[in-house]
Amino acid sequence: LDLDLDIVIDPQYNWKWKDREDYQDGIREGGIRDEWVTGVEQAQADVFDRIRNRRYPLDGSWLRWRPNPAWAPPRLPERWRVV
């Protein structure tokens, strides 16, 4: 479920909302239920804590991640152009 609300975080940990107006419109128009808003606000608080305290996944650990060299390259399914 996409609630239209995204946050963009740059390498210096500056952040900005993306699509905040769409999220507000969704609440106002009833597409985003009131009971979901509380959960979204709790998730926002968690994300801001992670940004401030550089907690996972914002702790830099993903910078060291490399795919397993034994993995085969991904392949598109047959008839992918039809989808």
Given (1) on the phi < 0 side of the Ramachandran plot; (2) loosely packed, with under 10 Cβ neighbours inside 10 Å, number of the condition Gly60 does not satisfy: (1)
Do we have any residue at all in region 74-83 that's assigned to a loop (DSSP other than H, G, I, E, B), at pLDDT 95 or above and more than 26 Å from Asp2 (Cβ to Cβ)? no
Say we look at region 58-80 and pick out the residues that are within 27 Å of the chain's Cα centre (by Cα) and of a type in the set (D, E, K, R); which of these is nearest to Ile9 (Cα to Cα)? Asp59
(1) free of Cβ contacts under 8 Å to residues at least 40 places away in the same chain; (2) out of contact with any Gly (no Cβ under 8 Å at 6 or more places or on another chain); (3) aliphatic (A, V, I, L, M) all hold for Ile9 apart from (1)
Residues of region 20-57 classified as among the aromatic types (Phe, Trp, Tyr) and either touching a residue at least 60 places away in the same chain (Cβ under 8 Å) or farther than 15 Å from Leu3 by Cβ (or both), total: 2
Answer yes or no as to whether Arg50 is surrounded by 12 or more Cβ atoms within 10 Å (Cβ to Cβ), within 17 Å of the chain's Cα centre (by Cα), modelled with pLDDT of 95 or more and assigned to a helix (DSSP H, G or I). yes
Let me spell it out: the conditions are (1) modelled with pLDDT of 95 or more; (2) in a loop (DSSP other than H, G, I, E, B); (3) surrounded by 10 or more Cβ atoms within 10 Å (Cβ to Cβ), and Asp4 meets all of them except one. Which number is the exception? (1)
Residues of region 7-35 satisfying the condition of being in contact with a helix residue (DSSP H, G or I) (Cβ under 9 Å, 6 or more places away or on another chain) and either over 23 Å from Trp62 (Cβ atoms) or surrounded by 12 or more Cβ atoms within 10 Å (Cβ to Cβ) (or both): Ile7, Ile9, Trp15, Trp17, Tyr23, Ile27, Gly31, Ile32, Arg33, Asp34
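The values are calculated or read from the model by the stated rules, or taken from the named source; none is laboratory data. Predicted, not measured: the structure shown is a model, and the values here were computed from it. We place every Cβ from the backbone using ideal geometry, glycine too, and count neighbours over all the protein chains shown.
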